[in-house]
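The values are calculated or read from the model by the stated rules, or taken from the named source; none is laboratory data. Predicted model, so just to flag it, every value in this text is computed and none were measured. Heads up, the Cβs are rebuilt from the backbone with ideal geometry, glycines too, and the neighbour counts pull from every protein chain shown.
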Amino acid sequence: MYAVDDLSDAIDATREFLTPISLGLVLKLALIVFFVSSLGFSGPVLPMGDPGMMVDDPTQIGTQGESQESIQELYEEETGEEFPMDQMIAVALVFAAVFFVIGLIYMFIQAILEFVLIESLRSDEVHVRRYFLENVGRGFRLFLFRVVLNAIPVAIAGGLLYYQFTGGDVLDQLTGATMWGALAVAIVFALVYSIILSFTTEFVAPIMLLEDRGVLSAWSRFWATFKENWAEYVVYLVLAWIIMLVITITAWFVIAVAGFVLAIPFAILAFVLFVLLADLGVIGGIVFTVFMIGALLTFLLLLSVVWTPITVYFRYYALLLLGDTNADLDLIPDLRGALRGTAVGAAGGAGTAGRETESGWDDGTRDEYDSEPDDSWSTTEPDDDDGFEWYETRDSTDESVDADEPVDDGDTDTNGESDRDTSTDAREDRDEDTDDDDDDGLDDRGW
């Protein structure tokens, strides 16, 4: 199956793309991967909650309510004022709005960089700024699609919370079979939701770039391919999930060990800075905060570098499968041909352009079968316009005739004369300038 064979081809493609290693290439790809990859935080798991949270536990609910009341009472006892619930809600809404806007900006940049990564893998060149500007429109369409798709689970969760806090008491209704039924529905929804997001990123976005389509149009284009090769994509999902699980566990084990080793000097330096800057007040606090932010960004950069080959591998795996199941949707035909030792046509279709013909003749290319750059069968040059070629000679006794004049057919004439001799004589008879013929024994043709 293509889904199995492409596993090894994706390794070779990743190695070809990432070598030779350069600092500029690593930093550019790390920036892209920081946005388009989860960096292993989510892993290959589905976004499901803890089933234990759905258990009907009135004691736990009462404990939470008592905790909230105790905080309010403690505040009122310490300050002698009423707990400012309205102000706290307003501050929480402001922070939520700020994080919401930051999240939207992040998602917009992420959507554009999806196409930057695809174009980089397709062209084997990484130009972040150029590809970013060229794909703003596509990124915006993908961004809107993701916002709408993500709004569905948010709306469901928000509706349940609203129902709970307005006296509906959802937890009381999730008992016995109802709880397990709701859990099954949640699992199915999460599975379908994750597959749609995954396929949009790995297969639909490349089609958007290749054929300049919108999201829904690209989904329609991909859906036809999926229906004809559904088994390939099911195997792809299973293999990708298993491999990602293994890689995530291994990568995070290595990252944890390396992070622990690197965290020791950072912790010592942070403690020293904290002690030295403690007497500087606000300025010291700002400097220490900047240092901690720099340490966090350094960790994220190293994490992105580690996750770069993993991300590139899985994207190549998806592109190889997409092209194998539909040659018209092949974004990397040249790379595919190089990996498999075959020459293929241009992107967007297999075609015959660029392929080696069976005989190796007259393909207009310099290959091992050709001795000349031009494989044309003709022995005359295109600019040879002297009106005379040996296979066009004519005489009066040729067996083949064309119109009023005999035409040479390449065979021996019945009179035994050479076609070339008789045709030369005939041309000398038509020669308008006879003076030079007498002098040099040659006509104007040089015969």
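Points worth noting:
- Of the set (1) of a type outside the set (Phe, Trp, Tyr); (2) surrounded by fewer than 18 Cβ atoms within 10 Å (Cβ to Cβ); (3) touching a Gly at 6+ places or on another chain (Cβ under 7 Å), all apply to residue 192 but (3).
- For the stretch 119-136, a residue qualifies if it is among the basic types (Lys, Arg) and either under 12 Å from the mean Cα position of the chain (by Cα) or not in a helix (DSSP H, G or I) (or both), and exactly one does: 122.
- Taking residues in the stretch 251-275 that are in contact (Cβ under 8 Å) with a residue 24 or more places away in the chain, and partners anywhere that are in a helix (DSSP H, G or I), the pairs with Cβ atoms closer than 6 Å and at least 6 places apart or on different chains are 266/295.
- Selection count, the stretch 271-290, where residues are modelled with pLDDT of 80 or more and farther than 26 Å from residue 28 by Cβ: 4
- Subset of the stretch 17-37 (residues that are farther than 18 Å from residue 321 by Cα and in contact with a Leu (Cβ under 7 Å, 6 or more places away or on another chain)): 30, 32, 34, 35, 36
- Test: residue in the stretch 103-111 that is at pLDDT 90 or above, among the polar types (S, T, N, Q) and surrounded by 12 or more Cβ atoms within 10 Å (Cβ to Cβ): yes
- For the stretch 290-300, the count of residues that are assigned to a helix (DSSP H, G or I), under 30 Å from the mean Cα position of the chain (by Cα) and surrounded by 15 or more Cβ atoms within 10 Å (Cβ to Cβ) is at least one.
- Residue check, residue 257 under 30 Å from residue 36 (Cβ atoms) and either among the aliphatic types (A, V, I, L, M) or within 20 Å of the chain's Cα centre (by Cα) (or both): yes
- Residue ID - modelled with the lowest pLDDT, chosen from residues in the stretch 306-343 that are assigned to a loop (DSSP other than H, G, I, E, B) and either within 20 Å of the chain's Cα centre (by Cα) or polar (S, T, N, Q) (or both): 342
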